[in-house]
Amino acid sequence: MPTKAALAHIPGPPALPLIGHTLTIARDSYGTQQEYIRQYGPVYKTNMLGVWRVNLCGADAMERVLLDRENLFSSEGGWDALKRIYPGGLLLQDFDAHRANRRIMQAAFRASAIRDYRLRMTGAMAELFASWPANQAFDFYAAIKDLTLRLGGAVFMGLPLDGPLAKRVNQAIQDEIRASLAVIRWPIPLTPMWRGVRGRDFLRETFRALIPERRAKGGDDFFSQMCLARDEDGRGWTEDEILNQFNLLIMAAHDTTATALSVMVEALASHPDWQERLISEVAGLGESALDDDALGKMGQTNNVFREALRLVPPVPFIPRQATRDFHWRGYDIPAGTSIALNPGVTMLSPEYFSDPTAFDPDRFAPHRAEDKSHKFAWTPFGGGAHKCIGMHFSTLQVKLFVATLLRKHRVQLAGPAPQWQRMPIPKPKGGLHITLQPL
Ligand code: HEM
């Protein structure tokens, strides 16, 4: 990793000893970054907990780094903090090895597999959803996180809904996620990292024991599909590879969709005109099954989803590490430098989106198509080789949820709209309290 001296020519704000800019960025990450861009330009350095990072801002930088035609930017190096809990997952692999494993993973995302997940999800979602109260305030953010986690037990792992194993597995997943965000990065007893490592080991043992049966019998869940997955040349995964890839997959799927749904629900409650538009869209589907055909007609819901992802992206920053020296916008940046891309800030830039802080899903309508102002203007799912492999699945999940919700209910805020914490992962401060009113 380059020293401070090697980055001396890169501009940036003065840093406090040891903690650098950590507290300032944690307090108001977007506001601080927008101010740094204004003061220092689209290339500046910051220090987070002792690690120097060069921030490359704007859609051009996203395109250069994510398309990475020269194998210059390592995702494994960038996401180094995840390595203890999620070793060997796709995000922690680069270049040829990554491409080879991604081809195998694609098998679990083919259209027929997604159709099976949809069928499994529709029944489980209705069952879980029925336990939510009507006409009574509750914290939607906590409830949707719980629902997606429990749904995950069925859809991702093929476990009976809410069985004792699903509960232990879900606890282990949460321990892993807390560990991946922890400041103390060593598994010192009783710290989040220690719990996360125990969770990781529990999940590995549990799922290793299931592999032979799933390989023999298959199943309509992600884990079974990953046990059977093969690329076009017939290459599949060893047991360890399955466990590594599956572990990262459930982490990548977990908080992201729940966050997007929370932002959508808050936006619908705050913009009754949009809520009525989606209620009509859902009513237009009739009482028929929510199949591909029906979900394909939910264009307005899709635009609300896209707008929610723009305003509060579940993955607000994307890290990489330079594998060699490179040059960008007048600066020589040495090999080993940690790079930060900030899609969250880019998507709020007036350079690409009109009135960028306003909730305006029509900006994605074909006659405006603001997301096309630059190929990398709208990037909540990243881009290039590591672009989110779950993008279509999460869109499907969101549409199913919205259709299930708005067929029977209208949403209202039960209190003031919350402030959103942006980093390291977004969440509404104090929760998101709503009531569901039967239609
Ligand atoms: C709204 C929901 C989601 C958002 C916003 C999101 C966002 C992202 C982003 C930004 C990346 C790229 C990170 C990088 O380049 O460093 C990514 C990668 C990934 N996502 Fe998602 N994600 C979502 C849902 C999902 C779901 C539901 C799944 C699984 C079913 C999933 C699985 C993955 C995997 C496995 C990767 C790594 C891909 C690779 O390295 O090749 N994601 N996601």
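The values are calculated or read from the model by the stated rules, or taken from the named source; none is laboratory data. These numbers were taken from a predicted model, which means no experiment stands behind them. Note that we place each Cβ from the backbone using ideal geometry, even for glycine, and neighbour counts take in every protein chain shown.
Points worth noting:
- Any chance H392 is touching a helix residue (DSSP H, G or I) at 6+ places or on another chain (Cβ under 9 Å) and within 11 Å of the ligand (Cβ to nearest atom): yes
- Flag for Y117 being of a type in the set (F, W, Y) and in contact with a strand residue (DSSP E or B) (Cβ under 6 Å, 6 or more places away or on another chain): no
- In segment 46-89, the residue that is surrounded by the fewest Cβ atoms within 10 Å (Cβ to Cβ) out of those that are touching a His at 6+ places or on another chain (Cβ under 9 Å) and aliphatic (A, V, I, L, M) is M48.
- When we screen E63, E76 for residues that are charged (D, E, K, R) and away from the ligand (no atom under 11 Å from the Cβ), the only hit is E63.
- Residues considered: A100, A134, A111, A126. Of these, the only one that is surrounded by fewer than 17 Cβ atoms within 10 Å (Cβ to Cβ) and in contact with a Leu (Cβ under 6 Å, 6 or more places away or on another chain) is A134.
- Within segment 250-269, the presence of a residue that is among the small types (G, A, S) and surrounded by fewer than 16 Cβ atoms within 10 Å (Cβ to Cβ) is excluded.
- Among the candidates K387, K399, the residue that is within 15 Å of the ligand (Cβ to nearest atom), exposed (fewer than 14 other Cβ atoms within 10 Å of the Cβ) and in contact (Cβ under 8 Å) with a residue 60 or more places away in the chain is uniquely K387.
- If you filter segment 87-109 down to residues that are more than 12 Å from the ligand (Cβ to nearest atom) and part of a helix (DSSP H, G or I), you find that the one that is farthest from M193 (Cα to Cα) is A107.
- Number of positions in segment 214-246 that are away from the ligand (no atom under 16 Å from the Cβ) and among the β-branched types (V, I, T): 1
One line per residue, one yes/no per condition, for (1) over 22 Å from the mean Cα position of the chain (by Cα); (2) at pLDDT below 95:
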| residue | (1), (2) |
| --- | --- |
| R329 | yes, no |
| N342 | no, no |
| V398 | no, no |
| P416 | yes, yes |
| G431 | no, no |
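- As for segment 76-86, it holds no residue that is more than 22 Å from the chain's Cα centre (by Cα) and not in a loop (DSSP other than H, G, I, E, B).
- So R310, is it within 11 Å of the ligand (Cβ to nearest atom) and either over 21 Å from A61 (Cα atoms) or without any contact (Cβ under 8 Å) to a residue 12 or more places away in the chain (or both): no
- Restricting attention to segment 110-143, the residues that are more than 14 Å from F393 (Cβ to Cβ) and either in a helix (DSSP H, G or I) or of a type outside the set (G, A, S) (or both) total 16.
- Applying the set (1) touching a Cys at 6+ places or on another chain (Cβ under 8 Å); (2) at pLDDT below 95 to L165 leaves exactly one unmet item: (1).
- For segment 402-424, the set of residues classified as of a type in the set (K, R) and within 16 Å of the ligand (Cβ to nearest atom) consists of R422 only.
- Lone unmet requirement of (1) more than 15 Å from the chain's Cα centre (by Cα); (2) within 16 Å of the ligand (Cβ to nearest atom) for P380: (1)
- Yes/no for L151 being within 22 Å of K427 (Cβ to Cβ), among the hydrophobic types (A, V, I, L, M, F, W, C) and either within 11 Å of the ligand (Cβ to nearest atom) or crowded, with 19+ Cβ neighbours inside 10 Å (or both): yes
- Test: residue in segment 272-282 that is out of contact with any Leu (no Cβ under 9 Å at 6 or more places or on another chain) and over 26 Å from W378 (Cβ atoms): no
- Of P343, P356, all but one fail to be out of contact with any Lys or Arg (no Cβ under 7 Å at 6 or more places or on another chain) and away from the ligand (no atom under 11 Å from the Cβ); the exception is P356.
- Residue match in segment 139-148 (condition: over 19 Å from the mean Cα position of the chain (by Cα), closer than 27 Å to L181 by Cβ and within 14 Å of the ligand (Cβ to nearest atom)): no
- Some residue of segment 406-420 being closer than 30 Å to E76 by Cα and surrounded by fewer than 20 Cβ atoms within 10 Å (Cβ to Cβ): yes
- Residue pairs whose Cβ atoms lie under 9 Å apart, sitting 6 or more positions apart in sequence or on different chains, and linking a residue in segment 293-306 that is in contact (Cβ under 8 Å) with a residue 40 or more places away in the chain to a partner that is of a type in the set (G, A, S) and not in a helix (DSSP H, G or I), are A294/G286; A294/S288; N303/A365.
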